[in-house]
Amino acid sequence: MTDPQIVLTERVQQALASAFGSEHADADPLIRPSQFADFQANVAMSLAKRLRRSPREVAESIRAALTGFPGTVEVSGPGFLNITLDDSWIAGEATGMRADERLGVPTVTPPQTVVIDYSAPNAAKEMHVGHLRTTIVGDALARVHERLGNHVVRQNHLGDWGTPFGMLIEHLLDIGEEAAVAQLEAGQGTEYYQAARAKFESDEAFKTRARVRVTTLQSGDPETMRLWHVFMDATVRYFNKIYAMLGVTLTDADIAGESMYNPMLEKTCQDLEAAGVAVVSDGALCVFPPGFIGSDDKPLPLIIRKSDGGYGYASTDMAAIRYRVHDLKADRILYVVGADQALHFRMVFAAGRLAGWLPETVHAQHVQIGMMLGKDGRRFKTRSGESVKLADLLQEAVDRASERLADRGYDEATREEIAHAVGMGAVKYADLSVGHDTEYVFDFDRMLAFQGNTGPYMQYATARIRSIFRKAGTEPSEATASIVPAEPAERALALHLLGFGEVVGQVATHSEPHRLSAFLFETASLFSTFYEQCPVVKEGVDAETSAHRLALCALTLRVLESGLDLLGVPVPARM
């Protein structure tokens, strides 16, 4: 089975070569869905000027060259090609797709090594809503690339090093290891940090101890390192609770925090300076990538080593680029990080190219994450103006979902299970249904609605299909009849489903999970129309028609469940 637009693109390009010569074989046929046919090809409009012929004449030549075509082609208007596929072709392709384990999702040849940097909470503070989008989007991209056959290397770039750890370790000693671990595991990292910061600012003796501790940490003192591990292990255990609640695929093996690169920073600076890529400017070691100008019209520096000898984000990111290319053998590196870091990453990539550490054969991309807003249109915060704790937000989603399921007659355990799936699905789908680089308003009422483009609506669509099979007394896996799209609603649904594999590939190519969300929502909408217009298991529906329609239901269910799984959205069997 093949996506119809791919088939049509290939056929039209062959016709272009046949009608006008091989030099036109790679022209984009500009095929789009059409309200007048299945698809419309607009290539004649763009090609006419080059050929010095009228668009309609060009279109007629293309139509005449489309021999052995699985459908009909008509020229309309000034030169549009309206394409309608044969029902028999759609039936054959959809039936083949139902039997295909991969549902038409291609396998990348050769597979690439794709390094994805995502989530990256700061170990010195609590995970808040700002980490939600980077975690969800990054995890969806990791799932999609793995489905395509790529080798995915997840990199959770924790903020687990630096000067704050001096005061954090000293505070741990003050309150005792047991109390510190309990507080950190309970998700009170922000309170822990604030208490340490308050002492640092008000107690000179504590400040002195904290600064000394930074020195012993940087020198690798065994006892200081042991205390750092106590702090980090407790913090990571809490992060893992959040990851488990969200159902993301990050593990401890994926942690590659700032501390990992610390031993590489001195050599990073030395090598950049020795190569003449970095120079000392006002006491700091800087790279000046060409094309970056500051507000003072002077070249903008990427500071690799500060004037006081300290290292910053740029130091770590340059070391990380070299490591990911040289050691991890990355073909592609995706940085799923907030949009406010756009300039930083453009400069880091440019510096990496300048140093030869990021060759042109490796694609590096900043997958920009837009801000989450409250209903007031401002950055999403608590009423007191603080960042919302991610754990509190997720638990509220589950609690609200449970309230909406209260009148459905489930026992408490079943209700809790479904509520968790609905709550997490609502939060994740709301994020993944919009462009990752856009801002969106976080609104529980909207995202938990059972109508519209929401997670619960998508989950309910799968539950409704399963209810059809329960009514039929069979399982989706047993619906092995051919798919025969006899009615318009059946035909529209079957034709749409054929595009699943292509959309999954587009998500990977463009790093845009919302493309898959849009496809799945259209799938659910078309199924709803089919469900209303084409009875499946009902008195008066003959056994053969019912079997054909059950097969189409089974294919729809598999596409929805597979697609939602790629997005990381859980699918409860009942709702």
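Tallying residues that are over 22 Å from K329 (Cα atoms) and outside any loop (DSSP other than H, G, I, E, B) within the stretch 141-181 yields 18.
Since P513 meets every condition but one in (1) out of contact with any Lys or Arg (no Cβ under 8 Å at 6 or more places or on another chain); (2) open to solvent by 40 Å² or more (accessible area, probe 1.4 Å), which condition does it not meet? Unmet for P513, out of (1) out of contact with any Lys or Arg (no Cβ under 8 Å at 6 or more places or on another chain); (2) open to solvent by 40 Å² or more (accessible area, probe 1.4 Å): (2).
When residues in the stretch 265-306 are screened for being open to solvent by less than 90 Å² (accessible area, probe 1.4 Å) and either assigned to a loop (DSSP other than H, G, I, E, B) or of a type in the set (S, T, N, Q) (or both), 13 of them pass. Name the residue that is least open to solvent (accessible area, probe 1.4 Å), counting only residues in the stretch 460-482 that are outside any helix (DSSP H, G or I) and among the polar types (S, T, N, Q). Among those residues, the one meeting the criterion is T474. Selection of the stretch 307-348 for residues being under 24 Å from H436 (Cβ atoms) and either in a strand (DSSP E or B) or of a type in the set (K, R) (or both) yields R324, R332, I333, L334, Y335, V336, V337, G338, R346.
Just wondering, is there one or more residues in the stretch 374-394 that are open to solvent by less than 80 Å² (accessible area, probe 1.4 Å), in contact with a helix residue (DSSP H, G or I) (Cβ under 7 Å, 6 or more places away or on another chain) and free of Cβ contacts under 8 Å to residues at least 12 places away in the same chain? Explain how you work it out, then say what you get.
In the first step, residues of the stretch 374-394 are kept if they are open to solvent by less than 80 Å² (accessible area, probe 1.4 Å); the result is 374, 377, 380, 382, 385, 387-391, 393-394.
Next cut, in contact with a helix residue (DSSP H, G or I) (Cβ under 7 Å, 6 or more places away or on another chain) only: 387, 390-391, 394.
After this cut, where a residue has to be free of Cβ contacts under 8 Å to residues at least 12 places away in the same chain as well, the list is none.
Within the stretch 374-394, not a single residue is open to solvent by less than 80 Å² (accessible area, probe 1.4 Å), in contact with a helix residue (DSSP H, G or I) (Cβ under 7 Å, 6 or more places away or on another chain) and free of Cβ contacts under 8 Å to residues at least 12 places away in the same chain.
Restricting the stretch 439-459 to residues that are under 19 Å from L566 (Cβ atoms) and part of a helix (DSSP H, G or I), which is most open to solvent (accessible area, probe 1.4 Å)? Filtering the stretch 439-459 for residues that are under 19 Å from L566 (Cβ atoms) and part of a helix (DSSP H, G or I), the one most open to solvent (accessible area, probe 1.4 Å) comes out as Y457.
I need a count of the residues in the stretch 472-501 that are of a type in the set (D, E, K, R) and either modelled with pLDDT under 95 or at positive phi (or both). Spell out how you get there, then give the answer.
Kept after step one, since they are of a type in the set (D, E, K, R), are these residues of the stretch 472-501: 475, 478, 487, 490-491.
Filter again for either modelled with pLDDT under 95 or at positive phi (or both), leaving none.
Result for the stretch 472-501: 0.
Test A123 against the criterion of being out of contact with any helix residue (DSSP H, G or I) (no Cβ under 6 Å at 6 or more places or on another chain), in contact (Cβ under 8 Å) with a residue 60 or more places away in the chain and open to solvent by less than 20 Å² (accessible area, probe 1.4 Å), and give yes or no. When the stated conditions are applied, A123 does not pass them.
Output yes when any residue across the stretch 420-438 is more than 30 Å from S315 (Cα to Cα), part of a loop (DSSP other than H, G, I, E, B) and of a type outside the set (G, A, S), and no when none is. Scanning the stretch 420-438, I find at least one residue that is more than 30 Å from S315 (Cα to Cα), part of a loop (DSSP other than H, G, I, E, B) and of a type outside the set (G, A, S), so the answer is yes.
Scanning the stretch 1-21 for residues that are part of a helix (DSSP H, G or I) and without any contact (Cβ under 8 Å) to a residue 60 or more places away in the chain yields a total of 11. When the stretch 13-28 is limited to residues that are of a type in the set (A, V, I, L, M) and closer than 16 Å to G68 by Cβ, the one that is surrounded by the fewest Cβ atoms within 10 Å (Cβ to Cβ) turns out to be A17. When R549, R574 are checked against the criterion of being at pLDDT 95 or above and basic (K, R), R549 stands alone in meeting it. If the condition is being among the charged types (D, E, K, R) and crowded, with 19+ Cβ neighbours inside 10 Å, then the stretch 519-560 contributes R549, R558.
Of all residues in the stretch 307-337, those satisfying the criterion of being modelled with pLDDT of 95 or more, open to solvent by 20 Å² or more (accessible area, probe 1.4 Å) and not aliphatic (A, V, I, L, M) are R322, Y323, H326, D327, K329, D331, R332.
Looking only at the stretch 241-264, residues that are surrounded by 14 or more Cβ atoms within 10 Å (Cβ to Cβ) and either in a helix (DSSP H, G or I) or at positive phi (or both) come to 13 in all.
So which residues in the stretch 127-158 are under 30 Å from R213 (Cα atoms) and open to solvent by 10 Å² or more (accessible area, probe 1.4 Å)? Walk me through how you get there before you give the answer.
Our first condition is that a residue be under 30 Å from R213 (Cα atoms); within the stretch 127-158, this holds for 127-128, 130-131, 155-158.
Within the stretch 127-158, H128, G130, H131, Q155, H157 qualify.
The values are calculated or read from the model by the stated rules, or taken from the named source; none is laboratory data. Note that the structure is a prediction, hence the values are computed from the model and not measured. Note that each Cβ is placed from the backbone with ideal geometry, even for glycine, and that neighbours are counted across all protein chains shown. Keep in mind that these areas ignore ligands, DNA and RNA; they rest on the heavy atoms of the full protein, side chains included. Shrake-Rupley method; radii C 1.70, N 1.55, O 1.52, S 1.80 Å.
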